[in-house]
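Notes to accompany the following structure.
No value in this document is a laboratory result; all are computed from the given coordinates. Just so we're clear, the structure is a prediction, and the values are computed from it rather than from any experiment. Quick reminder, even Gly has a Cβ in these numbers, built from the backbone with ideal geometry, and neighbours come from all protein chains shown.
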Amino acid sequence: MKQHRRAAIICCLFVLTAASTVSADDDVLLREEFNHLENWSSYSFRNIDRQTTYETAVQGDDSVLVAVSDASASALISNARFSVEQYPIITWRWQVERVFKDGNYRQKSGDDYPLRIYVIFEYDPQNADFGAKIKYELAKTLYGEYPPHSSINYIWANREEERETVANPFTDRAMMIPLQHGSENVGSWQEETVNVYEDYLKVFGEPPPPMASLAIMNDSDNTGESATSYLDFIEVRKPGRENGGRPLF
């Protein structure tokens, strides 16, 4: 079931984002503060009956995204694409109420997380070798669009010892990078900043494809557990701009 889900989300992410490119001259390409979800699309998996819910809510003076899973899975997908080389910095602030007892990032049965941020890299036919072109043209025939080339998952890992970057147990084209580890910071806001271009070089050993998009997921269908998690904001920007976690414009 999970293997079908993994293929489905990869293809869906490309189909939903391929027609929408955000362009800007400023340092910040996009900043989502979750006052609404108009810039996102939901995706449900065919063979999974229970769906994670994503809603906005007010906490104090802030609007946040609230993701609730209960033996469920579904994703929230950004409608925007961005240039990885021009806008490699992604910053966000997240919180989870719990991690999964049976979560394990090395096992298919444990491939659930209270929150993860996907960066999905598009297939670039201009830079593909002959073998890759044959494979992707076949996939396009089956799905109607090229599937993405690869992905990085920035995860809130379930176990304290899950600190190494590893390949997803279903595919080595999806790399899992733990940023939080186990229950140490559960219940408190944590702010992350990553350079996705540099991370791609480290984990795949080559430059990334030129364009990418974002997705968010809280999934617990494999473990059968439940979790509530929160995202305060997410921002994509050029290097060299400090961010204190509040609006930049």
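Sort F204, F233 so the one with the fewest other Cβ atoms within 10 Å of its own Cβ comes first. Before the final figure, lay out each step's value.
Working: F204 16, F233 22.
Ascending number of Cβ neighbours within 10 Å: F204, F233.
Along the Cα→Cβ direction, 7 angstrom out, place labels at L201 and D61. What is the inter-label distance in nm?
Label-label distance for L201 and D61, simple model: 3.9 nm.
Can you work out the Karplus-derived ³J(HN,Hα) for every residue in segment 161-178? Use 6.51 cos²θ - 1.76 cosθ + 1.60 with θ = phi - 60°, whole Hz, and x for glycine or proline.
3J(HN,Hα) across segment 161-178, in whole Hz: 7, 7, 10, 7, 6, 9, 6, 4, x, 9, 7, 7, 8, 10, 9, 9, 10, x.
Amide H to amide H, which residues 5 or more places from S72 or on other chains are under 5 Å from it, using H placed in the peptide plane?
Residues meeting the amide H criterion: S220, D221.
Which aspartates and glutamates, if any, have their Cα less than 19 Å from the Cα of K202, not counting same-chain residues under 8 positions apart?
E85, E122, E162, E164, D172, E192
Say the dipole of segment 171-222 comes from +1 at the beta carbon of Lys and Arg and -1 at that of Asp and Glu; which of Y200, S220, Q190 then lies farthest toward its positive end?
Of the options given, the answer is Y200.
Provide the gained length on full extension for the span E164 to S188, in nm with one decimal, where the gain is 0.36 nm per separating residue minus the Cα-Cα distance.
Working: separation 24, 0.36 × 24 = 8.64 nm, distance 2.27 nm.
Length gained, E164 through S188: 6.4 nm.
Scan around N168 for amide H atoms under 5 Å from its own, H built in the peptide plane at 1.01 Å from N, and keep only partners 5 or more places away or cross-chain.
A174, M175, M176
Could you rank the peptides 32-44, 153-165 by their average count of other C-beta atoms within 10 Å per residue, with the highest value first? Don't skip to the end; give the middle numbers.
Working: 32-44: 15.5, 153-165: 19.0.
Peptide ranking by packing, descending: 153-165, 32-44.
Leaving out same-chain residues fewer than 8 places away, which aspartates and glutamates sit with a Cα under 12 Å from that of K108?
Partners found: D221.
Using Cα pairs under 8 angstrom and six or more residues apart, how large is the relative contact order of segment 21-103, in percent? It would help to have the intermediate numbers written out before the result.
Details: 91 pairs, mean separation 25.9, N = 83.
Relative contact order of segment 21-103: 31 percent.
Using amide H atoms built in the peptide plane, which far-off residues or other-chain residues are under 5 Å from M211 H to H?
V84, E122
Mind ranking 114-122, 101-109, 216-224 by how tightly packed they are, going by the mean number of other C-beta atoms within 10 angstrom, highest first? Can you show the working numbers first?
Numbers: 114-122: 24.8, 101-109: 15.6, 216-224: 23.0.
Those peptides, ordered most packed to least, come out 114-122, 216-224, 101-109.
Would you work out the charge dipole size for segment 157-234 about its Cα centre, treating the Cβ of every Lys and Arg as +1 and the Cβ of every Asp and Glu as -1, and quote it to the nearest 20 debye? Don't jump to the answer; show the numbers that get you there.
Values: 4 positive and 15 negative charges, 40 e Å.
Once rounded to the nearest 20, the dipole reads 180 debye.
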